[in-house]
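Encoded as structure tokens, the structure appears first; notes follow it.
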């Protein structure tokens, strides 16, 4: 790991707007690497400097000016993470247009609703995959003036509005890169983007965020975790996700760091080795998958190898707690250099070997998962926030890291407890409101400016936050006992056999669970049980079901007696975004999962 350069942070005041942030970065760091991406045509990784990005963005702006667009008009993009995402975003922002990001794996009817609700005039897509996705709703998109595709679509379907980017962009410019990008003189409080929340029920709501909302949040976030010009981010969370957009995109630009774009989630492990990033922004599910894979591999190892690995985690955790000042020195710490060489360093090499900082957000990271990675030497920090707060509200720091918490409030974030221990917040990042939905805005932000997060929390004397559940996601059993399903689902999914879990029981006398099994682990267990895996319904017959039930009980044995699972149904097919059972941010659409599994649920509660 090279020595970090002196920090070079652009303040919100110096930036003014999001496009102003980019232009200031070009002026400061023009020749430095800005973005790295894998070119599918050449099969190699290629880089773009800030100057090169500026000249490309200027071409986008020239083309956008030829369209019938005015400042304040909405434009949308449905694109995988790539330099073109940034180019379109900054080009549009610099002309005063309002960006509406879309998830590439969202459902067609959801996309059509968002485009119509926001009154979008121009849409950018990636390629045939996205054009085909829109096929069922193309007839509902008559309000769009222009549709652009980064790569040429093979079957445009006689659509005159559809243009390929290379035909639309026009000639290159020979302007000075530092002055090439137009930056409209906007008030920082002007609307910059509308981000539609992927609600687990009902239609999504458009969160309106201003330029200063996002710039303040990125700047406050980097005060909690320093980023340097020598840093290299590996970006794989969708840029449509506000966490990735603020922290993995605008924050890195604010600090002058480079960003490499992952080819795809299945290729993430390869890209970590190829890119060797120093910073990784992630959601808990990625760490959980790696954790489960490690646990499954350990099962195949010798008792000595398992003991050595567990010792590395235990001693590494003790070392972490000692460095944090929460425990005293122990002779066991003398073993760390050997355990680091034999175990920890090998795991870190699989993350590229240069990982300086990993940040997890979007949901709580299970303590056992964070303990493993922290114990093996990864600087893993957690953050917490909402799309409606731009998004980060709380974060841990390297010097003050309590892994089972959501961290401390960012500078200038006010927090307090509301009714039922709901977390209420005020900050410069709080949204302007919901697009064309004043009733929802009033329900979210009270007359005193406090935003109601909907999360139940506890706080210590320093206002460090622990999330304890959702105010509304509570199962109320017929005996009146209340159970937060998220805690149980997280506990059960820590077993490598279980990939996805949904706990049920509202209005019933006991809890049950729907479980998607890990196919590799299920195959292994069926082999051990000497059961034909192709037997119809084998996952819900003896002896596999008894094994699965026993492992569920083991995972939740510390929960109260009324919070035990008394029936499960197992599935092979995962709940996905494409099937409509997950939101684009990978949250369960509980009502839809329950509707699809209605027959199985009825059977589990039959006779009770």
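When restricted to residues that are touching a helix residue (DSSP H, G or I) at 6+ places or on another chain (Cβ under 9 Å), in contact (Cβ under 8 Å) with a residue 12 or more places away in the chain and either surrounded by fewer than 19 Cβ atoms within 10 Å (Cβ to Cβ) or assigned to a loop (DSSP other than H, G, I, E, B) (or both), segment 470-485 contains 4. Quick one: what pairs do we get from segment 58-87, first residue at pLDDT below 95, second outside any helix (DSSP H, G or I), C-beta under 9 Å, 6+ apart or different chains? Matching pairs, first to second residue: 68/121; 68/145; 68/146. Taking the stated definitions as given, is residue 259 crowded, with 21+ Cβ neighbours inside 10 Å and either assigned to a helix (DSSP H, G or I) or at positive phi (or both)? No: the conditions fail for residue 259. If we scan segment 566-587, do we find a residue that is modelled with pLDDT under 95, assigned to a helix (DSSP H, G or I), at negative phi and buried (at least 19 other Cβ atoms within 10 Å of the Cβ)? Checked segment 566-587: no residue is modelled with pLDDT under 95, assigned to a helix (DSSP H, G or I), at negative phi and buried (at least 19 other Cβ atoms within 10 Å of the Cβ). Among the numbered conditions (1) touching a strand residue (DSSP E or B) at 6+ places or on another chain (Cβ under 7 Å); (2) without any contact (Cβ under 8 Å) to a residue 60 or more places away in the chain; (3) part of a loop (DSSP other than H, G, I, E, B), the only one that residue 239 does not meet is (2).
Report whether or not residue 71 is surrounded by fewer than 21 Cβ atoms within 10 Å (Cβ to Cβ), closer than 22 Å to residue 579 by Cβ and assigned by TED's automatic domain parsing to the domain that holds residue 135. Even if it seems obvious, please write down each step before you answer.
Values: surrounded by fewer than 21 Cβ atoms within 10 Å (Cβ to Cβ): yes; closer than 22 Å to residue 579 by Cβ: no; assigned by TED's automatic domain parsing to the domain that holds residue 135: yes.
Here the answer is no, as residue 71 does not meet what is asked.
Within segment 22-44, residues that are in contact (Cβ under 8 Å) with a residue 40 or more places away in the chain have Cβ atoms under 8 Å from residues that are loosely packed, with under 11 Cβ neighbours inside 10 Å and outside any helix (DSSP H, G or I) in these pairs: 38/44, counting only partners at least 6 apart in sequence or on another chain. Scoring residue 594 on the criteria (1) outside any loop (DSSP other than H, G, I, E, B); (2) in contact (Cβ under 8 Å) with a residue 12 or more places away in the chain; (3) under 26 Å from residue 368 (Cα atoms) leaves a single failure, condition (3). Return a yes/no flag: does segment 546-557 have any residue that is in a loop (DSSP other than H, G, I, E, B), touching a residue at least 40 places away in the same chain (Cβ under 8 Å) and surrounded by 14 or more Cβ atoms within 10 Å (Cβ to Cβ). Yes. Selection over segment 590-608 of residues that are surrounded by 14 or more Cβ atoms within 10 Å (Cβ to Cβ) and modelled with pLDDT of 90 or more gives a count of 10. Please list, ordered by first then second residue, the pairs with beta carbon atoms under 8 Å, 6 or more apart or interchain, first in segment 558-572 and touching a residue at least 40 places away in the same chain (Cβ under 8 Å) and outside the structural domain of residue 600 (by TED's automatic domain parsing), second part of a strand (DSSP E or B) and surrounded by 16 or more Cβ atoms within 10 Å (Cβ to Cβ). Between residues of segment 558-572 that are touching a residue at least 40 places away in the same chain (Cβ under 8 Å) and outside the structural domain of residue 600 (by TED's automatic domain parsing) and residues that are part of a strand (DSSP E or B) and surrounded by 16 or more Cβ atoms within 10 Å (Cβ to Cβ), there is no close pair. Just one of the listed residues (521, 555) is under 29 Å from the mean Cα position of the chain (by Cα) and within 25 Å of residue 602 (Cα to Cα), and it is 555. Yes or no: residue 33 over 20 Å from residue 19 (Cβ atoms), out of contact with any strand residue (DSSP E or B) (no Cβ under 8 Å at 6 or more places or on another chain) and at pLDDT 95 or above? Against the criterion (over 20 Å from residue 19 (Cβ atoms), out of contact with any strand residue (DSSP E or B) (no Cβ under 8 Å at 6 or more places or on another chain) and at pLDDT 95 or above), residue 33 does not qualify. For segment 422-467, a residue qualifies if it is surrounded by fewer than 18 Cβ atoms within 10 Å (Cβ to Cβ), assigned to a strand (DSSP E or B), at positive phi and touching a helix residue (DSSP H, G or I) at 6+ places or on another chain (Cβ under 8 Å), but none of them does.
Every residue, every condition in (1) under 19 Å from residue 367 (Cβ atoms); (2) buried (at least 20 other Cβ atoms within 10 Å of the Cβ), yes or no:
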position	(1), (2)
487	yes, no
498	yes, yes
522	no, yes
560	yes, no
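Just to be sure, is residue 439 within 25 Å of the chain's Cα centre (by Cα) and more than 18 Å from residue 213 (Cα to Cα)?
Numbers: within 25 Å of the chain's Cα centre (by Cα): no; more than 18 Å from residue 213 (Cα to Cα): yes.
Judged against the criteria, residue 439 is not a match.
Enumerate the helices (runs of 4 or more DSSP H) found wholly within segment 70-133, keeping only those where 3 or more residues are touching a strand residue (DSSP E or B) at 6+ places or on another chain (Cβ under 9 Å) and under 24 Å from residue 586 (Cβ atoms). Even if it seems obvious, please write down each step before you answer.
On the way: elements: 83-94, 108-118, 128-133.
Answer list for segment 70-133: 83-94, 108-118.
Please work out which one of (1) in contact with a strand residue (DSSP E or B) (Cβ under 9 Å, 6 or more places away or on another chain); (2) modelled with pLDDT of 95 or more is the condition residue 318 fails and give its number. It is condition (1) that residue 318 fails.
The values are calculated or read from the model by the stated rules, or taken from the named source; none is laboratory data. Since the structure is predicted, the reported quantities are computational estimates derived from the model, not experimental observations. Cβ coordinates were reconstructed from backbone atoms using ideal geometry, including for glycine residues, and neighbour counts include every protein chain displayed.
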